[in-house]
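The values are calculated or read from the model by the stated rules, or taken from the named source; none is laboratory data. Being a predicted model, the structure only gives us computed values, none of them experimental. Reconstructed Cβ throughout: ideal geometry from the backbone, glycine too, with neighbour counts over all protein chains shown.
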């Protein structure tokens, strides 16, 4: 702890009395890493416990192979903690434990579904998820180590833009792009397949934040008034609109309306936060509603999704191809869980198709109950709030905007997925961050977490200026 | 920026609140209706994870669940399936259950209200309760004896202890093997079931108390005689003209005795003789005099027109509620639209054997929870007083005479007074007869009441006799009981 410099003036210098009457205390932020260590150990314990409960629930005995794999992941996470101590000692203490719990619960549930299917080895989604988690954690550590100051990203915003577009276009390329479940989102190289669109959202968030910060003044103040709303000049908004429209088109042609919705929301929120103009929100939401309506009329599968949302229990819609069967089975799973849940390994989550990815939340809801779902929602909310905190407490606008953008993307994604599964909105096919099976999604979300940790480290690192009134005796106030 | 941030935070919070609400709606408010939806297979699977309780006869399981390797976790096994099929019924995965498997399903599956505390306990320990064990009143020796005695005939045998109502044997043929319906392959089960259903001999019916009931024929004379005695206006010696032919009013049909002549010798014939020799004409005359309402009342007192639960649910035996003169005559000897089950006719004999009081017939001895605490124990219960003590002892004597010197002679057992009544019931004009016997022994201290029906004429069309076919069957069952 550095000593507090004492700038008390000497009696002999009356000019400096005023300045010296301000006693500056440099306060170094408290060490958070110990708190994080405690929470992380607890989180790893929860993860191990979940896997053990799954094993006990399904077969009645523990199997140490999988438990030790989870233990190895735990060691890797402790490695990330050590990395944080070294390169980001003032980062937020809650983020890593939260995503450890979420990721671990996802792994436990995917593993449980494997046991129900009788899959093992490389076939089992659970083992693959663990491997992808390890890869994601390593990449997150790499991001933390390589990016020492987030302002670097602002300089590379156009690189981010290009890479975002490239990532989006990759699945459209003939050789490596493939169609899965009707959507052209995947790239397959050998045995590995990943969704570039997931990483694309990180790149575009960086680009939006970077561009909006530099252009925010001209965006919000310069421009023409049409219909009582301020519209910026084309040259200011142009680049960003072009990028955004291109992403939208690419996504719509790839039939991934969920990610399109995500990007749209991200764009709108960052635009609003950067410029402060609520007219944008109004315009944007109107455009979205019109677009959604048109899409549901023109695109048959979107119309099908809306039908399934509105009238899920109708026997015709239930039995139809691409109908509400999956949604209804997910709801049955939730209902079976009730408040307390059936217990890990004791329910039948495997009845719902694609329970390890789209419906991981239904599977968790069935086995962990409403209590479990509330806990998961609470963890997500806490994670998002830590990101928003960067927005509130940050010093530079780029960092604040990026933090808010990344946190909002997670929040919106959680809402879209869980809302779809619980019939708040129609289903879209997005994945639940950290929980669902999917390597690309894990990698992208862990990178988001790493960026948030880096941002929070910077926020904390700036010393807070505390101004105290002079309390020396004899000095006139 | 802060103002905007605050607004965005509020929006995010609202989004999450929507999620908290939607999940609560699904998992708490709508949970019951979602669970009850027919398309929800999870509720069904949950029932499979409890080990269903066994059904026991004399302490030995005749139906029990063994651990199985598949997703349904347990396999129901029936030892000696066809013998006990009418009693146990069948248990399928999702095509329904019958018999005791159905009637006592909540006890066997561990979900009855009496096992509520067990269920709470298992909620805390996280284990599913085992079902309770059901011990039946059936005596395996007598059940086997009845099965052997019925041989290849289509029909049913029921044996009941008149002092307590405990059912000692319940045999119905043709029968089926419930193991075939308990397999874990729904398609195979449906095929087997359809085959059984389409079988014209009707193996799925428990003929002791359900299915297409037969007319009781002359065994119904017991009811008419009892009605006469109960009215106070007749005794066993009340006489009627001894005709060889009796024209049926309002028709050209003629009522005849089985002997095709008069009922014994003499110009008049008593009720006692008419019962002993099982003559139709005296009873037709008696029935006309009594009127159908009196007979109806007496029949209802015996349990006709009423379904009872043993706990298997019986099909009502029928005495029509309104009859005209010719039909009253026909009903007096158990024809017209009178229908009875062996259980019903056994209850008639039970009244006579038990001083006029019918004890409630019952299959279940006790229900015991997995940790051996009794949940339910059977205590004998009076079903109804059907006739007075006096009438009962008179009727008992008449039935003894029917066996010792009457037409039910094949029911005689050396050294034992056997009371019995045979019956040969006509179905359609050219259809095979239904052959009956009901009785009890020893007459002075009855240990068992038996009722036998052999359908389809015993394979002999209209040539089989009730003394030749069902009476020996009844005798063998009585002997089995008495030799214990």
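Residues are listed down the side, and each one gets a yes or a no for (1) at pLDDT 95 or above; (2) part of a helix (DSSP H, G or I); (3) in contact with a helix residue (DSSP H, G or I) (Cβ under 6 Å, 6 or more places away or on another chain); (4) surrounded by fewer than 19 Cβ atoms within 10 Å (Cβ to Cβ):
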| residue | (1), (2), (3), (4) |
| --- | --- |
| B:392 | yes, yes, yes, no |
| B:395 | yes, yes, yes, no |
| B:406 | no, no, yes, no |
| B:410 | no, yes, yes, no |
| B:430 | no, no, no, yes |
| B:438 | yes, no, yes, no |
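From the set of residues in segment A:366-393 that are within 9 Å of chain B (Cβ to nearest Cβ) and over 18 Å from residue B:10 (Cβ atoms), which is surrounded by the most Cβ atoms within 10 Å (Cβ to Cβ)? Applying the filter and picking the extreme gives A:366.
Search segment A:420-446 for residues being part of a helix (DSSP H, G or I) and more than 14 Å from chain B (Cβ to nearest Cβ), and hand back the single one that is surrounded by the fewest Cβ atoms within 10 Å (Cβ to Cβ). If we take residues in segment A:420-446 being part of a helix (DSSP H, G or I) and more than 14 Å from chain B (Cβ to nearest Cβ), then A:439 is surrounded by the fewest Cβ atoms within 10 Å (Cβ to Cβ).
Counting the residues of segment B:4-35 that are more than 60 Å from the chain's Cα centre (by Cα) and either facing another protein chain (nearest Cβ under 7 Å) or modelled with pLDDT under 75 (or both) gives 7.
Of the set (1) within 14 Å of another protein chain (Cβ to nearest Cβ); (2) in contact (Cβ under 8 Å) with a residue 60 or more places away in the chain, all apply to residue A:277 but (2). Restricting A:169, A:176 to those that are surrounded by fewer than 19 Cβ atoms within 10 Å (Cβ to Cβ), modelled with pLDDT of 70 or more and touching a helix residue (DSSP H, G or I) at 6+ places or on another chain (Cβ under 9 Å) reduces the list to A:169. For residue B:67, the test of being more than 30 Å from residue A:324 (Cβ to Cβ) and within 14 Å of chain A (Cβ to nearest Cβ) is passed. In segment B:297-312, is there at least one residue being over 20 Å from residue B:166 (Cα atoms) and not in a helix (DSSP H, G or I)? Yes. Take residue A:335 and decide whether it is facing chain B (nearest Cβ under 10 Å) and within 30 Å of residue B:71 (Cβ to Cβ). Yes.
Based on this model, can you work out whether residue B:275 counts as surrounded by fewer than 21 Cβ atoms within 10 Å (Cβ to Cβ) and part of a helix (DSSP H, G or I)? When the stated conditions are applied, residue B:275 does not pass them.
With respect to the stated conditions, residue A:306 fails to be part of a helix (DSSP H, G or I), facing chain B (nearest Cβ under 10 Å), modelled with pLDDT under 90 and over 16 Å from the mean Cα position of the chain (by Cα). Scoring residue A:417 on the criteria (1) in a loop (DSSP other than H, G, I, E, B); (2) within 14 Å of chain B (Cβ to nearest Cβ) leaves a single failure, condition (1).
Take the residues in segment A:340-349 that are facing chain B (nearest Cβ under 10 Å) and closer than 20 Å to residue A:124 by Cβ, then tell me which one is surrounded by the fewest Cβ atoms within 10 Å (Cβ to Cβ). Filtering first and then ranking leaves A:346.
If you filter segment A:394-409 down to residues that are surrounded by fewer than 24 Cβ atoms within 10 Å (Cβ to Cβ) and in a helix (DSSP H, G or I), you find that the one that is nearest to the other protein chains (Cβ to nearest Cβ) is A:397. Looking across B:450, B:477, one residue alone is modelled with pLDDT of 95 or more, crowded, with 20+ Cβ neighbours inside 10 Å and not in a strand (DSSP E or B). It is B:477. Looking at A:334, A:288, A:293, A:264, just one residue is within 17 Å of residue B:37 (Cβ to Cβ) and either at pLDDT below 80 or part of a helix (DSSP H, G or I) (or both), and that residue is A:334. Condition first: surrounded by fewer than 24 Cβ atoms within 10 Å (Cβ to Cβ), in a loop (DSSP other than H, G, I, E, B) and in contact with a helix residue (DSSP H, G or I) (Cβ under 8 Å, 6 or more places away or on another chain). Can you find one or more residues in segment B:218-231 that meet it? Scanning segment B:218-231 turns up no residue that is surrounded by fewer than 24 Cβ atoms within 10 Å (Cβ to Cβ), in a loop (DSSP other than H, G, I, E, B) and in contact with a helix residue (DSSP H, G or I) (Cβ under 8 Å, 6 or more places away or on another chain).
With respect to the conditions (1) away from every other protein chain (no Cβ under 11 Å); (2) under 15 Å from the mean Cα position of the chain (by Cα), residue A:360 lacks only one, and its number is (2).
Please pick out the residue among B:158, B:142 that is at pLDDT 95 or above and not in a helix (DSSP H, G or I). So the residue among B:158, B:142 that is at pLDDT 95 or above and not in a helix (DSSP H, G or I) is B:158. One residue stands out among those in segment A:311-324 that are within 12 Å of chain B (Cβ to nearest Cβ) and under 17 Å from residue A:429 (Cβ atoms): the one that is nearest to the chain's Cα centre (by Cα), which is A:324. In summary, residue A:327 fulfils each of the numbered conditions (1) in a helix (DSSP H, G or I); (2) facing chain B (nearest Cβ under 10 Å) with the single exception of condition (2).
Of the helices (runs of 4 or more DSSP H) that lie entirely inside segment B:36-128, those containing 3 or more residues that are at pLDDT below 90, loosely packed, with under 14 Cβ neighbours inside 10 Å and out of contact with any strand residue (DSSP E or B) (no Cβ under 6 Å at 6 or more places or on another chain) span B:116-125.
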